[in-house]
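Encoded as structure tokens, the structure appears first; notes follow it.
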């Protein structure tokens, strides 16, 4: 029995693949004499700055086989005892989650934020400076963020080379939510009694330079908001300056001619929009630009004819 085990081990050793020797790490774009001297001490006499080749991209190897090494040895009068080979590669490492979290917290700059990493890119990365820019953080469909979002980053290595990485994360920070205290009807300006503030955890919004918190008071919603539902400011808009059915003051300009009269708005809009207006005298409908509250302007070169 023992003899059989010994024979089996010998046969396994005979046909098992040889372990590939570790490559010499090179943190730079060029493989130099100093790197070859580290891999093979016989080349210590080689000038350290001698250019031997280009460093391969991360994850790949550059191997100098025996004939190539023999040629280098002859060129620089180096004595090689036996044929050999040497390989070189960028030093690689695993993307560490603790390091990822540290970099993300520094980038987010929200002291009370809570970041959880669900998944990271699994391939080895080159050694270098890890970055996760805040502007590369994805945005969830809702501020409650039930599913992790993608945060893209990169490793800066070898000077200015960039290697892409990614992580899927949950990000939460203390926030205040605007909630409807009572039903909000579409198109009607929101009043103070219809809104209350609740404290919660939300996905942190990307700050915008010069932006100030927006109050929903006086704004209108495009759809009905039920009591207890969040009022999302992104879905609100300023109320129309002109609404359908309003009586509007019309000013007509054409060269030196100025004409003013009262008409009826057939469509609504805000300042700068064009709306349909009906002339009560002729019953004709014409287009006019909203200038302000219940005020519209017609220029004869735009209207094509008198209203």
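None of the figures in this text is laboratory data; all of them are computed from the coordinates on show. What you are looking at is a predicted structure, and each value in this text was computed from that prediction instead of being measured. Methodologically, a virtual Cβ is constructed for each residue, glycine included, from the backbone with ideal geometry; neighbour enumeration extends over all protein chains shown.
Approximating the spin labels as points 7 Å out from Cα along Cα→Cβ, the residue 193-to-residue 260 distance works out to 3.7 nm. The shape of segment 247-303 comes out oblate: with a ≥ b ≥ c from the C-alpha gyration tensor, a/c is at least 1.5 while a/b does not beat b/c.
Find how much the distance from residue 270 to residue 293 grows on full extension, using 0.36 nm per residue of separation minus their present alpha carbon separation; answer in nm with one decimal. Display every interim value, and only then the final one.
On the way: separation 23, 0.36 × 23 = 8.28 nm, distance 0.84 nm.
Contour length minus the Cα-Cα distance gives 7.4 nm.
The C-alpha atoms of the chain define a longest principal axis, and helix 2-15 lies at about 70 degrees to it. Cβ-to-Cβ counts within 10 Å put 40, 101 in ascending order as 101, 40, the fewest first.
The simple spin-label model puts a point 7 Å past each Cα toward its Cβ; for residue 281 and residue 249 those points are separated by 1.8 nm.
Would you mind ranking 76, 157 by Cβ crowding within 10 Å, fewest neighbours first?
Lowest count first: 76, 157.
Helix 66-75 and the longest principal axis of the C-alpha atoms of the chain enclose an angle of approximately 80°.
For the chain, what is the calculated [θ] at 222 nm in deg cm²/dmol (nearest 500), taking -39500 (n - 2.57) for each run of four or more DSSP H residues and dividing by its residue count? Before the final figure, lay out each step's value.
Numbers: 5 runs with 47 residues, N = 307.
Rounded to the nearest 500, it is -4500 deg cm²/dmol.
Fully extending the segment from residue 116 to residue 183, taken as 0.36 nm per residue of separation minus the present Cα-Cα distance, adds 20.5 nm.
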